[in-house]
Amino acid sequence: ASMALFAAAISLWMLVAAAIVYAVGQSLFNPTLNDTVTVAAPADNRAGVVSALQWTKNLANTIGPALASLLLAATDFRTVFLVSAGVVAIYVVILAVGLDPDAY
């Protein structure tokens, strides 16, 4: 939702609102993701799975801005945020389909 808000922002206040929505989302999602991965990982492999999660998140934090910069060089800010919103939507669908709510 915040990426779509960033794309639709036409004033500084809308950008601030989008940033707040993003921060709240991150602060709610990250602990939930960490807990879900920790609980779902087999006990024998838990350390490796959690390490892989953190490594992947750090890799995404490193590569994401570079890819966004390349997209920005070819398009505009609105497109960057719309593409980001689309990627997040795809991620949510993959999680919704792939997670078994009865497993946790």
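The values are calculated or read from the model by the stated rules, or taken from the named source; none is laboratory data. Small disclaimer: the values here were computed from a predicted structure and weren't measured. Note that each Cβ is placed from the backbone with ideal geometry, even for glycine, and that neighbours are counted across all protein chains shown. Accessible surface is based on the protein model in full, side chains and every heavy atom, while ligands, DNA and RNA are left aside. Shrake-Rupley method; radii C 1.70, N 1.55, O 1.52, S 1.80 Å.
Does Ala40 satisfy being at pLDDT 90 or above, farther than 20 Å from Ala4 by Cβ, open to solvent by 50 Å² or more (accessible area, probe 1.4 Å) and over 16 Å from the mean Cα position of the chain (by Cα)?
No, not satisfied.
With the structure loaded, tell me whether Val88 is under 12 Å from the mean Cα position of the chain (by Cα) and either surrounded by 12 or more Cβ atoms within 10 Å (Cβ to Cβ) or assigned to a helix (DSSP H, G or I) (or both) or whether it fails that test.
yes
Whether any residue in region 46-55 is among the aliphatic types (A, V, I, L, M), at pLDDT below 90 and part of a helix (DSSP H, G or I) is what I want to check.
No, the conditions are met nowhere in region 46-55.
If you go through region 97-104 one residue at a time, do you hit one that is closer than 17 Å to Tyr22 by Cα and modelled with pLDDT under 90?
no
Please find, among Leu28, Leu5, the residue that is closer than 22 Å to Leu72 by Cβ and either in a helix (DSSP H, G or I) or open to solvent by 70 Å² or more (accessible area, probe 1.4 Å) (or both).
Leu5
Assess whether Leu99 counts as being loosely packed, with under 13 Cβ neighbours inside 10 Å and over 20 Å from Ser2 (Cα atoms).
Yes.
Go through the residues of region 67-78 one by one and say whether even a single one is in contact with a helix residue (DSSP H, G or I) (Cβ under 7 Å, 6 or more places away or on another chain), part of a helix (DSSP H, G or I) and touching a residue at least 60 places away in the same chain (Cβ under 8 Å).
Within region 67-78, one or more residues are in contact with a helix residue (DSSP H, G or I) (Cβ under 7 Å, 6 or more places away or on another chain), part of a helix (DSSP H, G or I) and touching a residue at least 60 places away in the same chain (Cβ under 8 Å).
Within the set of pairs 6 or more residues apart or between chains, which connect a residue that is closer than 15 Å to Thr56 by Cβ inside region 18-44 to a residue that is surrounded by 13 or more Cβ atoms within 10 Å (Cβ to Cβ) and charged (D, E, K, R) with Cβ atoms less than 7 Å apart?
Here the result reads Thr38/Arg46, each pair linking region 18-44 to a residue that is surrounded by 13 or more Cβ atoms within 10 Å (Cβ to Cβ) and charged (D, E, K, R).
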